[in-house]
Each structure stands twice: as structure tokens, then as C-alpha cells.
Amino acid sequence: MPFVEKQSARAVPLFTAGVIVAGTIPSIIAFSTASPTVAVTMLWIFIPLSYCSFGPIFALVQNLVPAEMRSQAVALLLFFSNIANLIIAPQLVGITSDALSPAGPLRQQPTRDDGP
């Protein structure tokens, strides 16, 4: 990112925001298309772009805290981001999926009985 660092101090957050917005478009296409080829191609674009924000976030955290607290700050960042991504996000996705399903949130889907 040397070309961004040579710009003003606002260039790094603007670049990070631009990459995140640019990654949203292939994500929407990947999850809304019926073609597996298009979905895989869009995911090959989206996933690397989604990792581009990690570097500036870690750099920002390490620049905001004193030197003797940097390891604790990064550890807390990783801990809370993992809590959010591995515990809270799946629950919210499930609740949203149930609420938006055509059958409603409390109605169970009928089971198929292949009896004799």
C-alpha cells in the first residue's frame, strides 16, 4: 500500500472503506446467482478483498495504544472479533432466516413420510 501511504492521513481509511464496498458487489452477485461458475468466480474476488481490511485495523489498534499494551490490545481485538463472528453472527443469521422464511418463524416444515 505504498501509493496510499504517500497520500494524506485520510487515504488509508478511505482506501479500506473503498475495498470493503468493492467487495460487497461480488458478494451480492455470488449469493444471488443460480450459476455455480459465476458464484465461485465472485467468491474468488470477494474473499481476498474481505481480508484487505485486517492490516489497517491492526495497525490502527497498535498505533492507538501505548507500546507496553499492544499485545493485550491485539489479543482483545482478536478475542472480541472471534466472539462476534463465531458465536453472535450465526445466531443472528439463523434468527433472521427463520423470521424471513415463507412458513413463518414458529411453523415447522412438514416431514416427508415414505412409508410402505
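Every number here is computed from the coordinates shown, using simple stated rules; none is lab data. Owing to the predicted nature of the structure, the values given are computational and were not obtained by experimental measurement. Cβ coordinates were reconstructed from backbone atoms using ideal geometry, including for glycine residues, and neighbour counts include every protein chain displayed.
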Whose amide H sits under 5 Å from the amide H of residue 53, counting only residues 5 or more places off or on another chain, with H placed in the peptide plane?
none
Would you mind ranking 100, 76 by Cβ crowding within 10 Å, fewest neighbours first?
100, 76
Out of region 1-103, which trypsin sites (Lys or Arg not before Pro) are coil in DSSP terms and have no more than 15 other C-beta atoms within 10 Å?
6, 10
Region 25-88: spread of alpha-carbon positions along the three principal axes, whole Å, largest first, is 51, 24, 13
Chain lengthening between residue 61 and residue 7 when straightened (0.36 nm per residue, less Cα-Cα):
17.4 nm
With R₀ set to 35 angstrom, the calculated FRET efficiency between the beta-carbons of residue 28 and residue 88, to the nearest 0.05, is 0.95
